[in-house]
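Down below is the structure, laid out as structure tokens.
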Amino acid sequence: MTIAPLVAGAAGRPTISFELFPPRSEAGRETLWRRVSELTAAAPDFVSVTFGAAGATRAPSRDLLAHVLRTTAVPAMAHLTCVGASRREVVELAGEFLDAGVRNVLALRGDPPAGVPGWRPHPDGVGTAGDLVQLLQVADRRRLARRGGPRPVDEGPLSLAVAAFPRDRDDHEMAVLRAKQDAGAHFAICQVTFCAAEYAALVRRARAAGITLPLLPGIAATDDPGRLQRIGALTGVAPPAGLLAALDTDDPAARRRAATASTAALARDLLAAGAPGLHLYTFNAAGPALDLLDHLDLDRSRRTDDRRATAAAGGPTR
């Protein structure tokens, strides 16, 4: 199933999605497979799979995507970065994802690999996420032309997402997001936020700039204070001091309650601000994300029913 229509409101309800990252070891792989089962049992609208800097997790990312598509009915979104890669390499990787059944892609410029002095982008590389959005459409058209005939009914069109950054307030960032929209993106997933007012301000700035993309806010679903601090260090988005203080305890149950209360309050505020759904950064842990859904009392059965109705009508389910 292609997910852009759902994020755009076709289902008449907020979407729920989970972000996963590929395992770093064989032992981690088995653990993650169990986490995937737990998370997909909650009937999310889709899961997304991250992709390491400069393609560092190419094979594990592809394997995780294939596992989700093979073992669940949940649509999978592949992250694809273009920094450091040639156009040929990007098309090749896009073809691998498309051949694996992926119809949903988050197109990212990506960051240069850390700890590589003198690193330079590829001379025939893809410079921006907007360029990547266009290249993905070209790759899909070429793939369809090679096969000949119309697109299979169960395949569906591409859904192309891009990134947005609630903290950025300059006109340049709005121009970049507008360029991604003009290139053919269908919606944007926002960097993690801890403030609904910040998200609402992003939406206002985007609309004033002529950006009509649905903007899906990101929530850090974790009860690990160290992880929240690392998020702040990496992104510049500092977690609330009150939340960190509440998580500063040796009692795991107390930490879980505090995290759930905080993320549930944020999620309600984001939905009240008009968010089309919630994208949960799970860090490959199921508990905090599932606790959040329980506290929001969202009707998960409707998501399952939506997919069943689509399948019964002969439409795509992946």
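The values are calculated or read from the model by the stated rules, or taken from the named source; none is laboratory data. Quick caveat, the model's predicted, so the values are computed rather than measured. Note: ideal-geometry Cβ built from the backbone for every residue, glycine included; neighbour counts use all protein chains shown.
Return a yes/no flag: does region 73-86 have any residue that is free of Cβ contacts under 8 Å to residues at least 60 places away in the same chain and surrounded by fewer than 17 Cβ atoms within 10 Å (Cβ to Cβ).
Checked against the condition, which is being free of Cβ contacts under 8 Å to residues at least 60 places away in the same chain and surrounded by fewer than 17 Cβ atoms within 10 Å (Cβ to Cβ), region 73-86 yields at least one hit.
Sort out which residues of region 168-196 are within 18 Å of M77 (Cβ to Cβ), in contact with a strand residue (DSSP E or B) (Cβ under 8 Å, 6 or more places away or on another chain) and of a type in the set (A, V, I, L, M, F, W, C), and write them in order of number.
Answer for region 168-196, where residues must be within 18 Å of M77 (Cβ to Cβ), in contact with a strand residue (DSSP E or B) (Cβ under 8 Å, 6 or more places away or on another chain) and of a type in the set (A, V, I, L, M, F, W, C): A185, F187, A188, I189, C190, V192.
Take the residues in region 265-276 that are more than 19 Å from the chain's Cα centre (by Cα), in a helix (DSSP H, G or I) and of a type in the set (G, A, S); name whichever of them is nearest to G226 (Cα to Cα).
Here the residue is A265.
What are the residues in region 164-175 that are in contact (Cβ under 8 Å) with a residue 24 or more places away in the chain, closer than 15 Å to L108 by Cα and surrounded by fewer than 20 Cβ atoms within 10 Å (Cβ to Cβ), if any?
F165
So how many residues does region 34-54 have that are surrounded by fewer than 23 Cβ atoms within 10 Å (Cβ to Cβ) and more than 24 Å from T81 (Cα to Cα)?
So the count comes out to 8.
What is the one condition in (1) within 17 Å of A258 (Cβ to Cβ); (2) buried (at least 20 other Cβ atoms within 10 Å of the Cβ) that L216 does not satisfy?
(1)
Among what's in region 143-157 and is surrounded by 13 or more Cβ atoms within 10 Å (Cβ to Cβ) and touching a residue at least 24 places away in the same chain (Cβ under 8 Å), pick the residue that is farthest from M1 (Cα to Cα).
The extreme case among them is R143.
Hey, among T57, T128, which residue is among the β-branched types (V, I, T), modelled with pLDDT under 85 and surrounded by 14 or more Cβ atoms within 10 Å (Cβ to Cβ)?
T57
Where in region 1-89 are there helices (runs of 4 or more DSSP H), lying wholly inside it, with at least 1 residues that are in contact with a His (Cβ under 8 Å, 6 or more places away or on another chain) and among the hydrophobic types (A, V, I, L, M, F, W, C)?
4-7, 26-40
So which helices (runs of 4 or more DSSP H) are wholly in region 124-237 and hold at least 1 residues that are out of contact with any helix residue (DSSP H, G or I) (no Cβ under 8 Å at 6 or more places or on another chain) and over 23 Å from D99 (Cβ atoms)?
171-183, 196-208, 225-235
For region 305-314, indicate whether the set of residues that are crowded, with 16+ Cβ neighbours inside 10 Å and at pLDDT below 95 is non-empty.
Yes: region 305-314 contains one or more residues that are crowded, with 16+ Cβ neighbours inside 10 Å and at pLDDT below 95.
Just checking, which of T193, T260, T222 is among the polar types (S, T, N, Q) and either more than 20 Å from N284 (Cβ to Cβ) or touching a Gly at 6+ places or on another chain (Cβ under 7 Å) (or both)?
So the residue among T193, T260, T222 that is among the polar types (S, T, N, Q) and either more than 20 Å from N284 (Cβ to Cβ) or touching a Gly at 6+ places or on another chain (Cβ under 7 Å) (or both) is T193.
Here are V138, V116, V102, V90: which of them is of a type in the set (A, V, I, L, M, F, W, C), more than 17 Å from the chain's Cα centre (by Cα), under 27 Å from V36 (Cβ atoms) and at pLDDT below 95?
Every option except V90 fails the conditions.
Where residues in region 176-189 are under 17 Å from G110 (Cβ atoms) and not β-branched (V, I, T), which of them is surrounded by the fewest Cβ atoms within 10 Å (Cβ to Cβ)?
The residue in question is A179.
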